[in-house]
Structure formats: structure tokens, C-alpha cells
Amino acid sequence: MIRFASLGSGSKGNALLVQSGATRILVDCGFGIRALSERLARLGAVVDQLDAVIVTHEHSDHCAGLLALQRRTRCPVYLSAGTRSVLAARHPFPGPLHIVCADTPVAIGDLSVTPYAVPHDAVEPLQYVISDGAVRLGVLTDAGSVTATISDALAHCEGLMLEFNHDRHMLASGPYPAFLKRRIGGPEGHLDNETAAGLLQQLKHDRLQHVLAAHLSEQNNTPEHVTGHLCATLDVAPEDVCVARQSQGFGWLTIGGRL
Ligand SMILES: [Zn+2]
Ligand SMILES: [Zn+2]
């Protein structure tokens, strides 16, 4: 059984707490130590309980709080060699580091974490599939397009956290400068709602228990747009849809265990 909860998701900060048994790992740490502590407290957790942080890439919304957390707890950090090179050039890491490679699983306590490569404008971005040996949670944010690697990695997961970053029309007609629109909407930017829904359509299966939409743009998307896509794709009612928000994140969801 795995449970997972978003501490907050979007361009101002991301962190996902994943737990199985006594093992607790954080995927990304985009919040400072104080905000992180407050957000963990909402979920009944504290920073000293974290067994590891796994980092997707070097953008600040994913690692702004990483060094402060490691200074405080010496919590091991797992990341790609490329992500490490960028972050370590800015500040040396105060605690243990583990380099991970795409398609090579690593064991962290009761969990197995398998990184996979994604197209995003970072040096060596990875996303992760996390398993307790019985069920799998697939995580995907910060990808500009859907590749065969992504759809293969996320196949057969009981839980998914998927980026629904922007509505294409809102982005096109919105206030962002042209270069930023091109970056966000480009093949190494962020997933738009229709592309994410298309991926979900391809991935859904009878044992899929929870889908959490994440990394919504506050400027170029609305929770209502995303809810509409999820309802149509999963054939569920709006009240059964899970959308992580920047400020509140989303509470615990459980996959596996006794149903
Ligand atoms: Zn990014
Ligand atoms: Zn991001």
C-alpha cells in the first residue's frame, strides 16, 4: 500500500510526499523549510521523518528548499548527474547525495524508485515511478511532450500524478511574452490539458485507482478546465476528481491495500 499527498503544486513550488510503511520520501522540495514544515504538518508529518528527497530537475519550483532541508536534517538527496552538476555549482550540498540514472531502480526503505527521462528544458530531467512491490505510483510533471518512454514508464500504474499545466487557448491569448509562450507550449515545456488528457486516455485501465492532476498554471489554466478534462476522460463526477493546487496541494490518496 502506498499513500501520497501533494504539499503544493505549480510554478511557485512543488513537493509530493509518498509513504509506504515507515518509509517517507519527498519528490521535489520547492518550498522553504518553514513552508515545508507547515505543509507537512497538515498531513501529520514532520521534516525529520523524511527518508529521502528525490529531485526531478534543477528548476527552482522543484528545489528551492532542498539545501535548507538538507542542512537541517541531512536527509539524502537522489538526483541525476546533470541536475547535481547545476545545483552543486550554485552551492555545495551539505548532506549525502545519490546519483540516479534513467531506467535503473533504486531502493529507498520499503519503496523502489525507477527514474525515467522526459523532454523538458533542464539539463537532465527525470520523473519517477514509485513502487512498494505490489502497486505503482507514476509521477509526471514538467514534460513538454509525450514520448514512448513516458507512456511505457507510466503503463499499469495504480496511481498517477500527471501534469495538466495549461489550456492552449488561455496560453495563446494570455499576457505572457511571446518567448515564454513558445517555451511553455514547446516540446520541452509543459503539458497542456488536451495532451495530458490524451495520455491519460491511453494509460487508463481497470486497476487505476487515483489520478491527481498537478502543476496547473495559475495564469493559463483553471481547475474547472482540468476537472472537465478528467471527468470526460475517466467518466467520473466532478466531486471525484483530484486536482492539486498551489496553496493547498491535495490530501492523502491511497493505492493498494484492502479495498
Ligand atoms: Zn521545470
Ligand atoms: Zn515545474
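At a glance:
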| item | result |
| --- | --- |
| Ranked by how many other beta carbons lie within 10 Å on average, peptides 12-20, 148-156 from highest | 12-20, 148-156 |
| Dmax and Rg, reported as Rg then Dmax, of segment 2-254 (C-alpha, Å) | 16.8, 48 |
| Dipole of the chain, positive end: most advanced residue of Ser37, Gly159, Leu253 [Cβ charges, Cα centre] | Ser37 |
| Ordering of 238-251, 190-203 by burial proxy (mean other Cβ atoms within 10 Å per residue, highest first) | 190-203, 238-251 |
| Heavy-atom accessible surface of the chain: percent carbon and sulfur, 1.4 Å | 52 |
| Heavy-atom surface of the chain, accessible at 1.4 Å and reported per residue (Å²) | 42 |
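The values are calculated or read from the model by the stated rules, or taken from the named source; none is laboratory data. Predicted model, so just to flag it, every value in this text is computed and none were measured. When we count neighbours, we look across all protein chains shown, and the Cβ atoms used for this are built from the backbone with ideal geometry, even at glycine. Accessible surface areas use protein heavy atoms only, side chains included; no ligands, DNA or RNA. Shrake-Rupley method; radii C 1.70, N 1.55, O 1.52, S 1.80 Å.
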